[in-house]
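Just so you know, all these numbers are worked out from the coordinates, no wet-lab data involved. Computed from a predicted model, the values in this text were never measured in an experiment. All Cβ positions, even for glycine, are placed from backbone atoms using ideal geometry, and neighbour counts span all protein chains on display.
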């Protein structure tokens, strides 16, 4: 008998709901994005995001059920992002999911947002099974994780300061591209020279698989300030391309070195920055050179979505995970 999981995601500025069958097949995936609303502020405003989630979540879930071609009482369980993320938006999703599960008398499963990003790879890669290595790159997280089982993750490396996606947003704002930074830097970099500036590639002492992106961000800001003081023109595309090259070099080298150290032959890329074309290309090239298989989801499953939560929720459900009506949002939830 098929297991149908309703996934709900509201950790930041996307209100999303999806229905997945047996952890691999997406029957519906509905996303309401607030990007246009937050662009004028240069970033996500948590209070505004929370209010928009409240306005939209009911209709988004209803559409997900309708698009899946099922009735609400046919779902097996409700899976919801419990953290990490912004506490207000998380609370909207968790509260709705608890009420929905209670009304239908269905089990409730709390899902870690980052585990969801990794699970996005299961959707389009049916052969993928643990163990494997995952490079998770998003606005709030940069991790190298060994997925030992569907519900078991061993963190091998993580950022000691800024996440890669956060650095993208700050640099994009500094060079006048605006929000969201990742897609805009990726696009304009295609017109620039990645060798125009030699921005630093940081290593973290005795932790070879950890990351640090505050230095490269500061180097870009210093370059911009120096040019401004001298009255020099800055080529946006060159700065963006050089910055992106510096970040990509670190991500790729750390991931490949980690895979070789642990004897892993596959790296699954995950997270919002996993849709970055330069990162995908560089990681693919490095994988081919080192005999490592590189996989990643389609862009729609890289950014925040509920299909990934439904898929991870399936495996958590099958492992016996159940949440009570005391489930709460955990904004700083560790992996």
Cα axis of helix 113-124 to longest principal axis of the chain: angle in degrees, 0 to 90, nearest 10?
-> 80
Rounded to the nearest 10 degrees, what's the angle between the helix 214-230 long axis and the longest principal axis of the chain, both from Cα atoms, 0 to 90?
-> 50
Which residue, 270, 196, 259, has the most motion in a Gaussian network model of the chain that connects Cα atoms within less than 10 Å?
-> 196
Three-way shape call for region 151-197 based on the alpha-carbon gyration tensor, with the a/c threshold at 1.5 | prolate
Footprinting proxy, 186, 58: sorted fewest to most Cβ within 10 Å, the residues are 58, 186
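Most exposed first by the Cβ proxy, i.e. fewest other Cβ within 10 Å, how do 168, 102, 317, 179 rank?
Sorted ascending by nearby Cβ count, the order is 102, 179, 317, 168.
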For semi-axes √(5λ) of the Cα gyration tensor in Å, several values are listed as [x] 31, 25, 19; [y] 35, 23, 16; [z] 28, 25, 18; flag the one computed from this structure.
-> [y]
Which residue, 296, 100, 314, has the most motion in a Gaussian network model of the chain that connects Cα atoms within less than 10 Å?
-> 100
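Please compute the contact order of region 129-297 in relative form: average sequence separation of alpha-carbon pairs under 8 Å and at least six residues apart, divided by the residue count, as a percent. Kindly include the intermediate steps, with their values, before the conclusion.
On the way: 328 pairs, mean separation 43.0, N = 169.
It comes to 25 percent, rounded to a whole number.
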Checked region 129-297 with the C-alpha gyration tensor, a ≥ b ≥ c its square-rooted eigenvalues, rounded below a/c of 1.5, otherwise prolate if a/b is larger than b/c and oblate if not; verdict prolate
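When ranked by the protection proxy of mean other Cβ atoms within 10 Å per residue, highest first, what sequence do the peptides 229-240, 12-23 form?
Details: 229-240: 14.8, 12-23: 25.7.
In descending order of packing, they fall as 12-23, 229-240.
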The chain, Gaussian network, Cα under 10 Å: of 261, 152, 275, the residue fluctuating most is 261
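Please arrange 318, 1 by counting, for each residue, the other beta carbons lying within 10 Å of its beta carbon, fewest first. Don't skip to the answer; put the middle values down first.
Values: 318 16, 1 5.
Starting with the residue having the fewest Cβ neighbours, the order is 1, 318.
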Taking a ≥ b ≥ c as the square roots of the eigenvalues of the Cα gyration tensor, with a/c under 1.5 meaning rounded and otherwise prolate when a/b exceeds b/c and oblate if not, region 233-274 is prolate
On Cα atoms only, tilt of 307-318 relative to the major axis of the chain in degrees | 50
